[in-house]
Amino acid sequence: SSRELGGDKIVSAGIHAIDTAMYILGTTPEKVIGTLQQSRKNPVNSAYDTSSLTYTFPGGVLMNYSGDQFRNYHFEIDKFSGVTAYADHGYLQTFYGKGRTQMRNADWRYKGGEDLELYTWGAAHNVDLFHRCITEGNWKNRTVPSSVNANLACLLGAYAGRAGTEMTWTDLLKNDEKIEIDMSGLVS
């Protein structure tokens, strides 16, 4: 993937893990530290494909995120912990195409199941909902603020990881870097 068109791998694919963590925690991260790198031999574009990041949320809650391009692997939401809670998203997974889900924590367990139509149903549902909103003139979309924040949180990880340094949410919002897109090879 291209950094200019889709962001580093954390932005284009890791966003699902980061978005889920923010949904569970109900807030944006305060800061992140970690590393991004290009692990491919002879990369043909600018995106970094491997990430290892630690996000800090309010109240000292930590979340570790790691992912790589090769296995389309994202140890999603990985592990985040606070004073009274611990969660390992490795136990809350959906495998697209296989439709398997498993959830568990210390007090309960859902062994999950298999729904071979999960991806197809989800895609059809989303297209239908989008169509109805357009045709009915419903421009309200309650997912926009959380989607914007998830993108920003992924960019926070990408910038900090590329620099190999800690970066705060405030630092990100002050960042005025413009990434130019070379569209010379596109056909109109």
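Could you please find all residues in the stretch 135-153 being without any contact (Cβ under 8 Å) to a residue 24 or more places away in the chain and not β-branched (Val, Ile, Thr)? It would help to see each step written out before you state the result.
So the first thing to find is which residues in the stretch 135-153 are without any contact (Cβ under 8 Å) to a residue 24 or more places away in the chain, and the list is 135-145, 148.
Across the stretch 135-153, the qualifying residues are Glu136, Gly137, Asn138, Trp139, Lys140, Asn141, Arg142, Pro145.
Within the stretch 149-170, can you find the residues that are within 19 Å of Arg3 (Cβ to Cβ), outside any loop (DSSP other than H, G, I, E, B) and open to solvent by 50 Å² or more (accessible area, probe 1.4 Å)?
Our first condition is that a residue be within 19 Å of Arg3 (Cβ to Cβ); within the stretch 149-170, this holds for 150-165, 167.
Now drop any that are not outside any loop (DSSP other than H, G, I, E, B), which leaves 150-163, 167.
Matches in the stretch 149-170: Asn151, Leu155, Arg162, Ala163.
Tell me, which helices (runs of 4 or more DSSP H) lie completely within the stretch 3-46 with 1 or more residues that are among the polar types (S, T, N, Q) and either surrounded by 14 or more Cβ atoms within 10 Å (Cβ to Cβ) or at pLDDT below 85 (or both)?
Once the helices (runs of 4 or more DSSP H) in the stretch 3-46 are filtered for at least 1 residues that are among the polar types (S, T, N, Q) and either surrounded by 14 or more Cβ atoms within 10 Å (Cβ to Cβ) or at pLDDT below 85 (or both), what remains is 9-12, 15-25.
Residue under question is Asp176, and the condition is that it be open to solvent by 80 Å² or more (accessible area, probe 1.4 Å), of a type in the set (Asp, Glu), modelled with pLDDT of 85 or more and farther than 24 Å from Gly67 by Cα; does it hold? Walk me through how you get there before you give the answer.
Numbers: open to solvent by 80 Å² or more (accessible area, probe 1.4 Å): yes; of a type in the set (Asp, Glu): yes; modelled with pLDDT of 85 or more: yes; farther than 24 Å from Gly67 by Cα: yes.
Considered against the rule, which asks whether it is open to solvent by 80 Å² or more (accessible area, probe 1.4 Å), of a type in the set (Asp, Glu), modelled with pLDDT of 85 or more and farther than 24 Å from Gly67 by Cα, Asp176 comes out as yes.
What number of residues within the stretch 171-183 satisfy the criterion of being part of a loop (DSSP other than H, G, I, E, B) and out of contact with any helix residue (DSSP H, G or I) (no Cβ under 6 Å at 6 or more places or on another chain)? Spell out how you get there, then give the answer.
Let us first name the residues in the stretch 171-183 that are part of a loop (DSSP other than H, G, I, E, B), namely 175-183.
Okay, now just the ones that are also out of contact with any helix residue (DSSP H, G or I) (no Cβ under 6 Å at 6 or more places or on another chain), so 175-178, 180, 182-183.
Of the residues in the stretch 171-183, 7 are part of a loop (DSSP other than H, G, I, E, B) and out of contact with any helix residue (DSSP H, G or I) (no Cβ under 6 Å at 6 or more places or on another chain).
The values are calculated or read from the model by the stated rules, or taken from the named source; none is laboratory data. What you are looking at is a predicted structure, and each value in this text was computed from that prediction instead of being measured. Methodologically, a virtual Cβ is constructed for each residue, glycine included, from the backbone with ideal geometry; neighbour enumeration extends over all protein chains shown. Remember, those area values only see protein heavy atoms, side chains included, never the ligands or the DNA or RNA. Shrake-Rupley method; radii C 1.70, N 1.55, O 1.52, S 1.80 Å.
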